[in-house]
Each structure stands twice: as C-alpha cells, then as structure tokens.
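Chemist: Submitted below is the structure of interest, expressed as structure tokens.
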Amino acid sequence: MTTFVDRVELHVAAGNGGHGCASVHREKFKPLGGPDGGNGGRGGDVILTVDQSVTTLLDYHHSPHRKATNGKPGEGGNRAGKDGQDLVLPVPDGTVVLDGAGNVLADLVGHGTSYIAAQGGRGGLGNAALASARRKAPGFALLGVPGDLRDIVLELKTVADVALVGYPSAGKSSLISVLSAAKPKIADYPFTTLVPNLGVVTAGSTVYTIADVPGLIPGASQGKGLGLEFLRHVERCSVLVHVLDTATLESDRDPVSDLDIIEEELRQYGGLDNRPRIVVLNKTDVPDGKDLAELVRPDLEARGYRVYEVSAVAHLGLRELSFALGELVAQSRAAKPKEEATRIVIRPKAVDDAGFTVAQEEDGLFRVRGEKPERWVRQTDFTNDEAVGYLADRLNRLGVEQSLMKAGARSGDGVAIGPEDNAVVFDWEPTMMSGAEMLGRRGEDHRFEEPRPAAQRRRDREAERDESLRAYGDFDPFEE
C-alpha cells in the first residue's frame with residue numbers, strides 16, 4: 001500500500017458568495033419603512049499552508065477534491081449573511097504549486113508559509129446598501145460571486161542540505177542510518193528504497209539534514225526506473241554525495257563508470273551543475289572493496305573530487321565524512337544572500353487604464369473583457385428588470401457604451417461580456433443616460449419592458465373620454 005506520495009493533482013473549489021437580500025422594513029403604522037435587505041457573506045478561501053508535521057501528499061492522493069464552504073445569504077432587518085469558513089490544507093515543507101500547464105504558482109518553503117489556491121467569491125449587496133438619493137427603494141439585490149474553481153498540481157521537493165545519490169544497493173540507506181537516527185528499510189535487492197528518507201546529522205556546531213534519494217539507473221532522467229520520480233528531491237540540496245559501491249557483484253560495473261553514468265543523468269535533468277560534490281567509496285570493509293577503492297581513488301581525485309573511503313557496516317570513516325559534509329553545508333549557508341523583509345510594492349493604476357477592453361471578433365460580435373464588467377454581470381439577476389437597468393447604468397458610468405461606440409458598435413449589434421465559455425450575450429441598445437429617473441414600480445425598468453397593458457388601457461380610456469368631450473364642442477356635461 002502506498003504510504004508516500006510526492007506528486008498529486010488537486011481540484012480545489014472556493015466557496016460561493018451569498019446572495020444579497022431584497023427586503024422592505026415592515027412595521028405597524030410605518031408603511032414606508034424603507035429597504036432593509038442585508039448583504040451576503042463572503043465565500044471561504046482554499047489555502048495551502050506548510051506544516052512541519054506533514055511529510056507526504058498521501059491525503060490528497062486519496063481525496064483530490066476539496067471545497068470551502070459558501071457564504072450565507074443576507075436577510076431582512078439589515079442582517080448580513082455569515083462568511084464561509086476558509087479551508088486550510090496542510091502541505092509538507094518544500095511543496096511547489098503548479099498550474100495545469102506546468103507554470104510555478106508558488107514555492108512553499110518554511111513553516112507557516114501559505115498560498116491562496118482558490119479565492120472565495122464576494123457576497124452580493126442587499127437592497128439597503130444599494131439605496132441612493134435617486135433609487136430610494138431598490139426592488140433588487142446583487143447576487144453572490146461564485147468562488148474560484150482550479151486544478152492545480154502539488155509537487156514535493158525534499159528540503160535537505162545533503163543528497164545521497166547512486167546506483168541501487170550502493171549502500172545509501174545504510175549510510176544514512178549510521179550517520180543519523182533515521183531508520184530506512186535496508187535489504188540486499190535493488191530498489192529497496194521507494195521513498196526519500198531524511199535524517200538529521202550533527203557535526204560539531206553544524207546541524208544539517210541528509211536525504212537518501214532512491215537509486216538511479218541509466219535513463220532515469222527520461223523516466224526509467226524510479227529516478228525521474230525522485231530526481232526533483234535533489235534540487236534543493238546544497239551538497240551532492242556520490243555513493244559508489246566498491247564491492248558490487250556485477251561484472252560490467254565499476255565505481256568510475258557508475259559515477260559517469262549518474263553524472264550524465266544529473267546533467268540531463270539540469271540545474272545541478274553548480275552543486276559541490278563528494279565521492280564516497282562504500283563497503284571498504286570487504287577485502288576486494290578495499291583494494292578497488294585504493295585503485296580508483298587517484299583517478300577520482302585527479303578529476304577534482306574529494307574522496308572518502310567508508311564502511312557503513314563497520315562504521316569506518318564516518319566521522320571524517322560527517323565533518324566534511326558539515327563544512328560544505330556551512331559554506332553554502334554563508335554564501336546565500338541574507339533574506340530581506342518583503343517589500344511592499346504599490347503599482348498605481350495607469351491614467352489611460354479603463355479596467356476593461358472592447359474588441360470585435362471575426363463573426364462581428366463585440367466582446368467586453370475586464371474584472372469589473374465580468375463581476376457585475378455575474379452579480380446581476382436577469383429575471384429582475386430593475387437589476388438589469390442597474391447593470392446598464394454601471395456599465396455606462398464605467399465607459400463601456402462609449403468604448404463600444406468608438407469600436408464601431410451600432411444599435412442591435414451583439415455584445416458579449418465575459419470569457420467565451422461563460423459569457424452573457426445580448427443585443428446592444430445604447431442608452432447613454434442615467435436610468436434612475438426612468439424607473440417605474442419596484443422591480444421594473446421601462447427600458448427593458450413594453451408599456452404595461454393596464455397603463456395602456458387607462459390611456460386608451462382617457463383618449464376616448466377626451467374624444468367624446470370634443471364631440472360636444474364647448475359643452476361641458478359636468479358644468480351646471
């Protein structure tokens with residue numbers, strides 16, 4: 001059964017914002033109580049947070065769909081809806097967040113580091129918040145904005161100072177078990193280690209972490225064996241240690257060729273050329289292993305490597321190796337630039353930035369894209385004509401109608417607001433005027449509705465009466 005997972009695809013959904021409430025205050029002897037609809041609550045966010053107690057992405061492998069709670073709708077009596085609860089997902093230290101195309105969204109290193117993977121939708125305004133001097137009693141409220149829906153990829157890159165790399169069964173697990181308190185699985189068959197093992201080593205005043213990376217073989221950088229799955233775990237390491245087997249039973253292998261093959265795989269993987277390297281000749285407690293180590297050591301030192309002969313079983317040469325690694329780790333830490341406080345950068349809006357764009361597509365449709373227009377459309381209840389009129393007023397004030405005219409749009413042309421897969425399309429009828437003074441009864445806007453039949457019948461009756469009065473000439477039947 002899988003107990004370690006270092007790469008998962010996660011489907012996150014933030015909470016939707018609650019709808020605003022359209023309500024009128026009702027109280028005895030107060031027929032004109034005014035609007036008192038409350039605002040909707042904000043939807044919860046989905047937040048990834050580094051937790052040192054978490055070492056694997058196994059939970060998200062079994063449950064890849066995660067959703068935050070929705071905001072509650074507003075109520076009458078100016079009661080706002082409750083905000084949705086944020087969903088905090090703990091991830092291991094060293095988790096990289098990617099989008100579907102492989103672009104890095106966040107690199108989460110350090111306890112408590114967090115990233116908002118999905119933003120919750122804002123709540124809709126109630127009619128009490130929409131009331132103004134011209135629109136004293138709105139008969140509508142704004143809808144809540146849906147929360148973000150995202151598909152992200154989580155990759156775990158082990159945060160360690162030293163990485164042990166080498167062929168399977170080269171003795172990496174045995175070495176980390178004697179250098180630290182780690183207890184990895186050790187056996188005499190290839191690919192015993194199926195997950196990276198971490199250990200903490202103390203060398204004098206230097207404390208560092210060491211990682212045992214599962215065995216690499218030729219073609220690992222292209223996905224052969226387990227190498228491609230775990231090569232990412234050496235990216236953050238400051239020092240690379242080549243563990244070479246001097247007592248291998250395979251006749252076609254020797255420490256020098258093993259080193260060349262592993263170095264080629266690291267080169268093809270990329271990004272590791274500037275890491276200091278140490279060569280460890282392991283299993284020197286075996287007579288043939290000791291002889292082979294003495295034979296190949298001059299050749300390796302001639303290439304510029306620092307070479308150490310050790311035996312994990314007999315505990316030979318471990319102290320010298322431990323302090324040498326501690327020295328390199330201390331040098332790497334000292335060479336790193338000091339972390340500075342996060343600078344707050346304020347980028348003011350450009351003078352000519354309208355906040356939206358208008359473009360005509362090949363089929364003649366005019367498409368409006370922008371954060372505000374698209375959000376306003378999502379918040380509009382299109383079954384309420386007064387709400388539609390309010391949207392038209394907002395778009396007009398933002399300058400959308402003027403931009404459509406400049407782009408060549410005419411009355412009756414198709415206009416789409418939003419992305420192609422989720423846009424509102426309508427036939428454009430320019431208003432270029434405020435709509436508050438054109439409002440009729442609550443919930444109605446005369447720009448979006450033909451005259452009411454009752455009103456038309458009343459006007460017809462008045463016209464018939466006037467016609468009959470004109471037939472009498474100057475005679476007024478109501479005059480004595």
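Chemist: Could you sort 386-393, 294-301 so that the peptide with the highest average Cβ count within 10 Å comes first and the rest follow in order?
Modeler: 386-393, 294-301
Chemist: Can you pull the Kirkwood radius for the stretch 3-74, inverse mean 1/r over Cα pairs, to one decimal in Å?
Modeler: Evaluated over the stretch 3-74, this radius sits at 15.7 Å.
Chemist: According to a simple spin-label model (label point 7 Å from Cα along Cα-to-Cβ), what is the distance in nm between Thr383 and Val313?
Modeler: With each label placed 7 Å out from Cα toward Cβ, I get 7.9 nm.
Chemist: Only bridges whose two residues both fall in the stretch 1-135 count here: according to DSSP, what percent of them are antiparallel, nearest 5? Mind dumping the intermediate values first?
Modeler: Values: 11 of 19 bridges.
Bridges in the stretch 1-135 are about 60 percent antiparallel.
Chemist: Taking only protein heavy atoms into account and a 1.4 Å probe, give the accessible area per residue of the stretch 99-167 in Å².
Modeler: 41
Chemist: Turning to a different aspect of this structure: How high is the relative contact order of the stretch 16-164, in percent, counting Cα pairs under 8 Å that sit 6 or more residues apart? Spell out each step's value before the answer.
Modeler: On the way: 453 pairs, mean separation 50.5, N = 149.
In percent, rounded to a whole number, it is 34.
Chemist: Something else about it: Kindly flag which residue pairs out of Lys72/Lys372; Lys82/Lys136; Lys157/Lys290; Lys372/Lys406; Lys157/Lys349; Lys157/Lys372 have an alpha-carbon separation exceeding 28 Å in this structure.
Modeler: Listed pairs above 28 Å: Lys157/Lys290; Lys157/Lys349; Lys157/Lys372.
Chemist: Find out how many positive minus negative residues lie around Gly40, taking Lys and Arg as positive, Asp and Glu as negative, among other residues whose Cβ is under 9 Å from that of Gly40.
Modeler: Values: positive: Arg42, Lys72, Arg122; negative: none.
Cβ neighbours under 9 Å give a net charge of +3.
Chemist: Further, regarding this structure: What is the local net charge at Leu142, summed over the other residues whose Cβ is closer than 11 Å to its Cβ (Lys, Arg +1; Asp, Glu -1)?
Modeler: Values: positive: Arg122, Arg375, Arg378, Arg394; negative: Asp381.
Residues near Leu142 contribute +3 overall.
Chemist: If you count, for each residue, the other Cβ atoms within 10 Å and average over each peptide, how do 139-146, 413-420 line up from highest to lowest?
Modeler: 139-146, 413-420
Chemist: At 0.36 nm per residue, minus the direct Cα-Cα distance, what do Asp107 and Arg470 gain on full extension? Give it in nm, one decimal, please.
Modeler: So the chain would gain 122.1 nm between Asp107 and Arg470.
The values are calculated or read from the model by the stated rules, or taken from the named source; none is laboratory data. These numbers were taken from a predicted model, which means no experiment stands behind them. With ideal geometry, Cβ positions are generated from the backbone for all residues, glycine too; neighbour counts draw on all protein chains shown. To get the accessible areas, we keep the full protein, side chains included, count just its heavy atoms, and leave off ligands, DNA and RNA. Shrake-Rupley method; radii C 1.70, N 1.55, O 1.52, S 1.80 Å.
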